[in-house]
Amino acid sequence: MISDNQSLPCSSGFLLIDKPSGPTSHDIIDYLRHLTGIQKIGHSGTLDPLASGLLIVAIGRTATKQIHVVAQQDKTYKATIRLGGISDTDDSLGKIQLLKNYHQPTRQEIKQVLDSLKGEQNQIPPMYSAKKIHGQKLYELARQGQIIQCQPSLITIYNIKLLSYRWPDINLEIHCSTGTYIRAIARDIGKALNCGGYLYQLRRTKINGYSVHQAITLEQLTSNNWTKFLLQP
C-alpha cells in the first residue's frame, strides 16, 4: 500500500490509471507529462502493449520517491491463454505458429497443470521482455537476432484460478508476486499440456489493496482536473 503518512504537495501524488490495450506504459507516462506539465513521473510496474488495467502512476518528485514500494507489491491479473499454437513473444502480438497433431486437453488436465504452478518457483523470462542482460534489454537483443539463455527469476504464484475453458481459450485469474511474467505462465501451460499456448488477452485488476475499479481512464483527465484525482498517502 502507499503509506508513509507523509504530506504531499497538491501537485504530487498517485493516479490510479486504467490503461487501455495498445499503448505502452511509457506512452502513458509521456501523455501525463504533457497533460500535467510535470516531468518527474513514474509508474508501478510495466504493462505490455497488449495488456490493459491498473497502472499506478506517481506524479512529482515526492511521490516518485515512494513508487518503488508500490512496484514491489503483489499483483492480480485476468488472462486469456490461447492453446494450439506458440508465439515468439509468448503473446498474440508476436509471430504465431499453429501446431498440429496435438491432444485437446480436458478441463481436469488443465486444472492439474494449474495446481502444479502454485507456489514459489523459478521462471524463465520471455525472450522479448524488458529484462536486462549486461545492460541491454532482452527484446533489443532478440530484434538483433541474438538468442540468450535467460537466467530464471524467483517468483511466487499465490493462486491461479480457472475461470472458464472453451477450446482453444483458457480464462484465468492469477495472483502473483512482482516480477512474474504472465506471458511466461501462458507459455509454460502450453508446454505442460503438450499443445502449445500463448497469452491472448491480459488485464491487471489489482496491485495489493488497490483495484482497477478505483482507476480512471485517460479520457477522464484534463489539464484542469487531474489534481482532483490524486491519491494521497
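Readers should treat all values here as calculations from the given coordinates under stated rules, not as data from a laboratory. Bear in mind the structure is a predicted one, so any value in this text is a computation, not a measurement. For neighbour counting, all protein chains shown are included, and Cβ atoms are generated from backbone atoms with ideal geometry for every residue, glycine included.
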Take R61, R204 and order them by how many other Cβ atoms sit within 10 Å, fewest up front.
R61, R204
Where does each of D48, D74, D27 land when they are ranked from fewest to most other beta-carbon atoms within 10 angstrom?
D27, D74, D48
Footprinting exposure proxy for D18, D115 (fewest neighbouring C-beta atoms within 10 Å first):
D115, D18
Local charge sum around I59 (other residues, Cβ-Cβ under 10 Å, Lys/Arg +1, Asp/Glu -1)?
+3
